[in-house]
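The values are calculated or read from the model by the stated rules, or taken from the named source; none is laboratory data. Computed from a predicted model, the values in this text were never measured in an experiment. Neighbour counts are summed over all protein chains in view; Cβ atoms, including those assigned to glycine, are modelled from backbone coordinates with ideal geometry. SASA here: full protein model, heavy atoms, side chains in, ligands and nucleic acids out. Shrake-Rupley method; radii C 1.70, N 1.55, O 1.52, S 1.80 Å.
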Amino acid sequence: MEVKLRRGTSADSAECGRICFEAFKSIASRHNFPKDFPSAEVASGLMAFLLGHPNFYSTVAELDGRIVGSNFLDERSTIAGVGPISVDPKVQTRGIGRRLMEDVLTRSRTRGFGGVRLVQAGYNNQTLCLYAKLGFRTREPLSLVTGSPPKVKLAGYTVRSAGKKDIDACNRLCRTVHGHDRAGEVEEAVRENTATVVERLGRVTGYATSIGFFAHAVSETNEDMMALIGAADNITGPGILVPTRNHALFTWCLENDMQLNQQMTLMSIGLYCGPSGTYLPSVLY
């Protein structure tokens, strides 16, 4: 039977969510890791958000008239982010995942993105090999750290909600650290009142769209990032992604009673500049 791809719609959210939940649960269980989603309903909620978002491209795979997988491309900024991708465990190993990945990569080329990035679970050898064969390069080992944010305040660092007047400073900071900005995500976070900035010596030295799995943060120094994390009311999603090579920030999290959940891998195609500051990537990149 031939696999057919089409654009996703809001009506697909329940079935795509069920498949996403089952697919992630299946691979995590085989490696004795916690589930990524607590229930199919939570995964369906994420699918509903992505399928209804004007700046996420979606592709749905159908086999014999039924949905068997989906994938997404975050088009909010100059670099595109892939995921979450999922395929029904009952029909895996048939090349459906590759088809879904090829589709979003074609979309990224058509739209002229300078680069494409994703984050994959370190224990999933199958996806690591697939992405490498599709041209993705390994860029950074990441530690998914869980728990409550440390309630610490650093002298000389002021954390506050970000407003429209901070957007330009946030974008300049991201360009300095990464070589590109994430303007669409920053603007969305400011509108939704989830973004924060840290100020030191009277200027913005870091920002976070939120502190959590689906958010990102950028700062000049580790201390700026610690101030942002310490000021958070909670961590959204399963945790934060800390670059494992950043020994000072990683051990600070551990010393403040946060726990390592798993290792993940940041991968990219196209434009990539090694970071010149401190950052927390989102699960997309």
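Values computed for the structure shown
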quantity: Those residues of the range 127-160 whose amide nitrogen sits under 19 Å from the label point placed on residue 106, 7 Å along Cα→Cβ; calculated: 131, 133-136
quantity: Over the range 111-221 - Rg/Rh using Cα atoms and the Kirkwood inverse-distance radius; calculated: 1.02
quantity: Spin-label proximity, residue 55 to the range 74-116 - amide N less than 14 Å from point 7 Å beyond Cα toward beta carbon; calculated: 74-81
quantity: The chain: relative contact order in percent, alpha carbon pairs under 8 Å with at least 6 residues between; calculated: 20
quantity: Pair residue 161, residue 66: separation of 7 Å Cα→Cβ label points (nm); calculated: 4.7
quantity: Under 14 Å, Cβ to Cβ, from residue 142 - net charge with Lys/Arg +1 and Asp/Glu -1; calculated: +2
quantity: Burial order of peptide ranges 172-181, 31-40 (average beta-carbon count within 10 Å, highest first); calculated: 172-181, 31-40
quantity: Viscosity 1.002 mPa s, temperature 20 °C, Stokes-Einstein D of the range 1-158 from Kirkwood C-alpha radius, µm²/s; calculated: 127
quantity: Average accessible surface area per residue within the chain, 1.4 Å rolling probe, Å²; calculated: 44
quantity: Shape parameters for the chain, alpha-carbon atoms, Rg then Dmax in Å; calculated: 18.6, 64
quantity: Calculated over the range 1-78: convex hull of Cα atoms, volume per residue (Å³); calculated: 110
quantity: Antiparallel DSSP beta bridges within the range 63-141, percent to nearest 5; calculated: 60
quantity: Where N is the number of residues in the range 216-285, Cα Rg divided by 2.2 N^0.38 Å; calculated: 1.11
quantity: Loop-located GluC sites (Glu not before Pro) in the range 137-233 whose Cβ has at most 15 other Cβ within 10 Å (DSSP); calculated: 192
quantity: Inter-label distance, nm, simple model (7 Å from Cα along the C-beta direction), residue 123/residue 1; calculated: 3.1
quantity: Stretchable slack from residue 193 to residue 148, in nm (0.36 nm times residue separation minus alpha-carbon distance); calculated: 14.2 nm
